Amino acid sequence: MAEIRERFLADPAPELRGHGLRLRVWDPASEADLEHWLRGRSDSEFRRWNTPLILERDLADARESLTAHLQGVSDGTGVPFCVTDEATGATLGHVSVAVISRPMRSGRVGYWVLPEARGRGVATLALLLAGRWAFTEFGLHRLELDHAVGHEASCRVAERCGYLYEGTARGAMWEAGRYDAFRDCHLHARLATDPEPEPPAPR
């Protein structure tokens with residue numbers, strides 16, 4: 001494995017396969033990708049637990065938001081994966097490895113699933129796949145995951161993927177739909193030296 005300081009994300013951009021999924025980098029030139037990005041990030045359940053820096057209301061907002069997320073691919077600080085069904089190509093959701101610190105060999109993961117794909121273990125399987133890549137191919141040592149207190153579905157995904165609960169971060173996230181009020185979040189993390197959990201069977 002190359003020294004992490006020598007690793008690049010953009011050339012070539014990573015593509016991951018496993019557990020019946022294909023993870024590829026989102027394409028801002030694709031109208032379908034923009035529509036899926038907009039649907040996922042404007043979904044009421046997503047907005048209940050997340051307040052994006054750019055509130056996506058239309059395709060122009062979606063393009064601006066997605067382009068901002070893709071900047072990490074160019075500068076080596078993160079990669080946003082479009083999660084698709086390997087057999088059909090249908091878009092299922094999103095998983096990312098972001099906020100990468102090369103000196104500390106750390107990063108932060110996040111995920112969401114489109115409404116029609118929920119309840120099938122997509123987030124768990126995609127996160128396991130992205131985490132394996134981050135540890136074994138990209139050479140990270142620590143991945144952090146945080147979610148709003150009360151977001152039990154996200155907490156279950158974290159636990160199934162081996163991200164241990166490390167505590168409560170006070171006032172670490174915006175309240176839903178607000179930029180002037182804050183809420184607590186739970187911090188989970190996994191190390192490269194932690195055992196990899198067995199993946200659940202796809203549903």
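The values are calculated or read from the model by the stated rules, or taken from the named source; none is laboratory data. Quantities reported herein were computed from a predicted structural model and do not represent experimental measurements. As a convention, Cβ positions derive from the backbone with ideal geometry for all residues, glycine included, and neighbour counts pool all protein chains shown. Protein only, heavy atoms only, side chains kept; ligands, DNA and RNA dropped before computing areas. Shrake-Rupley method; radii C 1.70, N 1.55, O 1.52, S 1.80 Å.
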Original post:
Quick one: net charge of GLY162's neighbours, Cβ under 9 Å, K/R +1, D/E -1?
Top reply: -1
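Sum up the charges of everything whose Cβ sits under 12 Å from the Cβ of GLY131, counting Lys and Arg as +1 and Asp and Glu as -1, but leave GLY131 out. Intermediate results must be reported in sequence, preceding the final value.
On the way: positive: ARG108, ARG132, ARG142, ARG160, ARG190; negative: GLU137, GLU144, ASP194, GLU196.
Cβ neighbours under 12 Å give a net charge of +1.
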**OP:** Would you work out what percent of the accessible area of segment 139-203, with all protein chains in place, is carbon or sulfur (probe 1.4 Å)?
**Re:** 53
Original post:
Looking at segment 147-203, which GluC sites (Glu not before Pro) are in a loop (DSSP not H, G, I, E or B) and have at most 13 other Cβ atoms within 10 Å?
Top reply: GLU175
Original post:
Among the trypsin sites (Lys or Arg not before Pro) within segment 22-65, which fall in a DSSP loop and have no more than 10 other Cβ atoms within 10 Å of their own Cβ?
Top reply: ARG57
Subject >> Fluctuation leader among ALA98, ALA181, ALA192 - the chain, Gaussian network, Cα springs under 10 angstrom >> reply: ALA181
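Using alpha-carbon pairs under 8 Å, 6+ residues apart, how would you state the relative contact order of the chain in percent?
On the way: 380 pairs, mean separation 40.8, N = 203.
It rounds to 20 percent for the chain.
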Original post:
Is the shape of segment 87-184 best called rounded, prolate or oblate, per the rule: a/c under 1.5 gives rounded, else a/b larger than b/c gives prolate, else oblate, with a ≥ b ≥ c the square roots of the Cα gyration tensor eigenvalues?
Top reply: oblate
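For the chain, rounded, prolate or oblate, judged on the Cα gyration tensor with a ≥ b ≥ c (square roots of eigenvalues), a/c < 1.5 rounded, else prolate if a/b > b/c? Could you put the intermediate results ahead of the total?
Details: a/c = 1.23, a/b = 1.07, b/c = 1.14.
Rounded, because the longest to shortest axis ratio a/c is under 1.5.
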Subject >> Within segment 71-147, GluC sites (Glu not before Pro) in DSSP loop having at most 15 other beta-carbon neighbours inside 10 Å >> reply: GLU86
Original post:
Based on DSSP H runs of at least 4 residues, each adding -39500 (n - 2.57), what is the mean residue ellipticity at 222 nm of the chain after dividing by all its residues, to the nearest 500 deg cm²/dmol?
Top reply: -8000 deg cm²/dmol
